[in-house]
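Here is the structure we will look at, set down as structure tokens.
Values quoted throughout were computed directly from the atomic coordinates according to the rules given, and no laboratory measurement underlies them. Nothing here was measured: the structure is a model prediction, and the numbers come from that model. Here the Cβ positions follow ideal geometry from the backbone for every residue, glycine too, while neighbour counts run over all protein chains shown.
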Amino acid sequence: MELTKRMLTMKKVLKKDALSYANILRSRNKFVDAFAVYESVLEKDGENVEAHIGKGICLQMQNLGRLAYESFTEPAYFVAKMRSRTLQKPSAFVDYVESPVNFYPSSTYEMYQKALKADPSYKLAAECLAIVLTDLGTSLKLAGNAQEGIQKYYEAIRIDPHYAAFEFDVPVFYMQPAYYNLGVVYSEMMQYDTALNCYEKAAIERPMYAEAYCNMGVIYKNRSDLESAIACYERCLTVSPNFEIAKNNMAIALTDLGTKVKLEGDINHGVAYYKKALYYNWHYADAMYNLGVAYGEMLKFDMMALSIKPNFSQSLNNLGVVYTVQGKMDAAASMIEKAIVANPTYAEAYNNLGVLYRDAGNISLAVEAYEQCLKIDPDSRNAGQCTQQGSKPNRLLAMNYINEGTDDKLYEAHREWGRRFMRLFPQYTSWDNIKDPERPLVIGYVSPDYFTHSVSYFIEAPLIYHDYANYKVVVYSAVVKADAKTNRFRDKVLKHGGTWRDIYGIDEKKVASLVREDKVDILVELTGHTANNKLGMMACRPAPVQVTWIGYPNTTGLPTIDYRISDALADPVDTKQKHVEELVRLPDSFLCYTPSPEAGPVSPAPALSNGFVTFGSFNNLAKITPRVLQVWARILCAVPNSRLIVKCKPFCCDSVRQQFLSTLEKLGLESLRVDLLPLIILNHDHMQAYSLMDIRIEQSGGQERRRICRASSTVGLDITALSNLRMRLRDLMLKSPLCDGSKFAQGLESAYRNMWQRYCKNDVPSLRRMEIEQLQSQQQLHSQQVIPEEVAVSFPEPKKVNISPIKANGFNLGQCSSLNTSRGEENGSLLNQNSNLAKLN
């Protein structure tokens, strides 16, 4: 008898183990295998309700609806029989209609109801009825009857709110509870607060509910609450580590968060988020691309190259920019051309191709590439933002190298650009700055070049020598990567009581708001149409008086800038060159130079030991035009045995070297007399390289070129005189107005005071100019005449001049447009991808 009892116990254990095993197989979506185990259990116990339900689910998941129906009918009958002896087993397929809404026959639904009515405490009947109601709700929703479906879900919750948390001690992944499905429906109805509430309740009832956490993450992501979205995806992946939808969504959210923190100035955390995104989805192109962007901005070009994805046009473009920066022009051209093949409408790639040609000294091809970019996207500033403020400014910069300003072509090109660019930004038209002509002023300086850059040698004196009590300085630094010089500038400004703001990566309209908050009276931009400028911020006109200075040799063309600081040498009073801005000429020089401490001591003229004169230039090839090369060749041919040394980044490329030497040979200068040096990385070594030359020659205008020719020919014949001049030249320069920082700052402050006093008298050049242009535009429009049809004469349409309206006060929002201001060579614009939503079941 004891043996019989043990055998019965063993059978129960085996049966329970078999059911558990079948449930596990089913939870892993192995429905065929699970079906076989359920069948084996039913062979031994034909009235096992759990096995019948499991078998029916396996059949349902294999789209065997009729067989599934039979299996689901059995437990309904047994449940009813056990709790209500008056019921009879229904005949097969009674009231069955083969449609999504009627997967369960009405008899099944009624039997569960009757069984539960007979014994309200019978848990299995409640669970089965809740399952039927939930599936009916889903069927109704899929058939387009969402409200009826919602009613079924709520009825299921009323019957048994816990039915799908865990069934038979095993998580049920195939079956979604009513709360979850309500969340899906409310999400589709865009009732997101209600949807979140339903998902949260589903997760409370079933803490292992991965799909609920995933869909909560999608809602938070679409609300731009990236931290909450990531937290939900983390909970989801803790429960289900291989849930691919959640992993992809996590990669998208982390990438967006990386971009967000990077734009806020924390580039290191941005890189960390991009890397984490790639951990979840190594093939996510946006994360890979933006990681490359960040490395490029950090000047970690080797790491940037490793992040490139083959055949991804943006990555190919970025790698081309990396090679351009390194001077590897052939490799750069190959990458950018591949980017254009991958995406023929990729405006930014054409822009960067133009930059490449410009750096290689081929200005005509550069202009052609810029023009092609403009054909694709006439107004897009993002088509090369980093490389030089977009294609139009790139084109303008290039035109300076091939047009000497003898006609109005260059001026009109800048003016046309300024008019068009103005329309992309809203303009402030009133300011709270008190109009007191003698009060202390706030001077704002904006530049990306507060590091070891040529502009930094000319801005240092004002930062140091300004009278901060009467001319408080606010620096807006858009430096990509700070260095020791950046830190030194910041410390000096703060020590004198000034303000330093790091604005790299911040939207220009937001920077304009900062300028207004800082109550800046005179805003000075130091970049013009060169890399990383903030002309968009200047277009907003955040300060009452706006000035351009130092960084660009021509007009900006921007109507919102009042003055351009110059001097009588750079821009003589009788100059024919036109400017949109009014010229303000400083007394001695418009520049004040602070020598580099890395210059080292003055070295003797190399001609003393060499026995010949060495001419040199360490400038970019874009400035060394064919006419400049003609002058250089004449100089060297006029000075026997003289040599030429030229240092430029692209000279690490053999094809560029050969082209340069070939051009000089055609002009009569043997290549053996020319030494070409590539980029020298360290500034100290760059400064020391000047000791290799006796006379530095640079590009200049026609009259200046002739004077250089004559002077070089004379000096080159007297090595002793040349050496004596060299040894005295540094002291002469240090004692000149060019290096007198205190005197220069006084002259600059005097110019600022005059500008402010004019503003206090309502004498504002930019506003006056814009009003005149608006009046001219209106007059042109009014001059149109209506001609009767019979008169065979036509009149040309007047040009429509697009000038931003001047309002009495406030902020003109009518012209605001959404811009992507990420850098062009490392464009950080993202694909607008939606997170995936787990499907309704």
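Before moving on, here are some points about what is shown:
- Couplings for region 594-600, taken from phi via the Karplus curve 6.51 cos²θ - 1.76 cosθ + 1.60 with θ = phi - 60°, read 10, x, 7, x, 8, 5, x Hz in order; Gly and Pro are left as x.
- Euclidean distance between Cα centres, region 494-543 to region 444-472, Å: 13 Å
- Per-residue extension of 0.36 nm, minus the Cα-Cα distance of Ala36 and Leu732, leaves a gain of 240.6 nm for this segment.
- Here the calculated FRET efficiency for Asn641 and Asp225, from their Cβ-Cβ distance with R0 = 60 Å, stands at 0.25, rounded to the nearest 0.05.
- For region 277-295, the residues whose amide N sits under 18 Å from a probe point set 7 Å from the Cα of Lys481 along the beta carbon direction are 290-295.
- Note on Glu582 and Ser671: with the Förster distance fixed at 45 Å, the Cβ-Cβ geometry gives a FRET efficiency of about 0.40.
- Surrounding net charge for Tyr428, when Lys and Arg each add one and Asp and Glu each subtract one, Cβ distance under 9 Å: +2
- The simple spin-label model puts a point 7 Å past each Cα toward its Cβ; for Thr663 and Ser430 those points are separated by 5.5 nm.
- Positive contributions from Lys and Arg (+1) and negative ones from Asp and Glu (-1), summed over other residues with Cβ under 12 Å from the Cβ of Gly361, come out at +3.
- Efficiency of FRET between Ser691 and Arg501 - r from beta-carbon atoms, R0 45 angstrom, step 0.05: 0.70
- HN-Hα J in Hz across region 638-645 - Karplus 6.51, -1.76, 1.60, θ = phi - 60°, x for Gly and Pro: 7, 10, x, 6, 5, 10, 10, 10
- Cα centroid of region 214-270 to Cα centroid of region 633-660, whole Å: 55 Å
- Spin-label model distance (nm) - Ala331 vs Thr238, 7 Å beyond Cα toward Cβ: 4.6 nm
- With 0.36 nm allotted per residue and the present C-alpha distance subtracted, the Cys760-Val341 stretch has 145.2 nm of extension available.
- Taking amide H atoms as placed 1.01 Å from N in the peptide plane, the amide H of Val475 lies under 5 Å from those of Tyr445, Thr499, Trp500, Arg501, each 5 or more residues away in sequence or on another chain.
- Listed pairs Lys481/Lys576; Lys328/Lys485; Lys534/Lys649 exceeding 32 Å between Cα atoms: Lys481/Lys576
- One decimal place: the segment Ala599-His283 gains 108.9 nm when fully extended, by the rule 0.36 nm per residue minus the C-alpha distance.
- Cβ-defined net charge surrounding Pro241, 13 Å radius [Lys, Arg +1; Asp, Glu -1]: 0
- Highest-first arrangement of 433-446, 258-271, where packing means the average Cβ count within 10 Å: 258-271, 433-446
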